[in-house]
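Just below is one structure, and these are the notes that go with it.
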Amino acid sequence: MSHSNEETIRAAYTAFVQGDLNGYLGYCTDNITFTVPGKGKISGTYKRDEFISPWVGRVLELTNGTFRENVNDIVANDDRGVVLVTHEFERNNKKFKY
């Protein structure tokens, strides 16, 4: 039996994967921040109102709309949740998967 927080996280990611970005944000608190590590073109920290634009817009622009996120597993308890995902996209005629 899964934890209720796992079910909530799974529902949020299902919305995201289906492209329902507002539905995804509906599971997020008003003060959430999204941190993308590294020094890449989409790296940085984004507030909730920056998630769809500019962040998602920039991802779609850089990948020519090929970005896909596949959820591999989700575990959660009362204090935290972990989401294991695989990202796939194409850029400059090269395929990337991580």
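The values are calculated or read from the model by the stated rules, or taken from the named source; none is laboratory data. Computed from a prediction, not measured in an experiment: that's the story for all the values here. Cβ: placed from backbone, ideal geometry, glycine included. Neighbour counts: every protein chain shown. Note: areas computed on protein heavy atoms with side chains; ligands, DNA, RNA excluded. Shrake-Rupley method; radii C 1.70, N 1.55, O 1.52, S 1.80 Å.
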Would you confirm whether any residue within region 50-66 is within 19 Å of L21 (Cβ to Cβ), within 14 Å of the chain's Cα centre (by Cα) and part of a loop (DSSP other than H, G, I, E, B)? no
Pairs with Cβ under 7 Å, 6+ apart, first in region 68-90 and assigned to a strand (DSSP E or B), second among the charged types (D, E, K, R) and open to solvent by less than 60 Å² (accessible area, probe 1.4 Å): I74/E6; V75/E6; A76/E6; G81/E6; V85/E69; H87/E69
What residue, among those in region 12-35 that are surrounded by 14 or more Cβ atoms within 10 Å (Cβ to Cβ) and of a type in the set (A, V, I, L, M), is farthest from A76 (Cα to Cα)? L21
Selection count where residues are of a type outside the set (S, T, Y) and either open to solvent by less than 80 Å² (accessible area, probe 1.4 Å) or in contact with a helix residue (DSSP H, G or I) (Cβ under 9 Å, 6 or more places away or on another chain) (or both), scope region 1-11: 5
For R58, all conditions in the list (1) open to solvent by 70 Å² or more (accessible area, probe 1.4 Å); (2) over 20 Å from Y98 (Cβ atoms); (3) basic (K, R) hold save one; what is the number of the exception? (2)
Which numbered condition V36 misses (of (1) within 22 Å of Y98 (Cα to Cα); (2) touching a helix residue (DSSP H, G or I) at 6+ places or on another chain (Cβ under 6 Å)): (2)
Inter-residue pairs, beta-carbon under 6 Å, first closer than 21 Å to F51 by Cβ and in region 1-22, second open to solvent by 80 Å² or more (accessible area, probe 1.4 Å) and of a type in the set (F, W, Y), 6+ apart: A12/Y27
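Please indicate, with yes or no, whether at least one residue in region 67-83 is open to solvent by less than 30 Å² (accessible area, probe 1.4 Å) and within 17 Å of F96 (Cα to Cα).
yes
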May I ask you to list the residues in region 36-55 that are open to solvent by 80 Å² or more (accessible area, probe 1.4 Å) and of a type outside the set (K, R)? P37, T45, D49, S53
Given the criteria of a type in the set (F, W, Y) and assigned to a strand (DSSP E or B), does Y46 qualify? yes
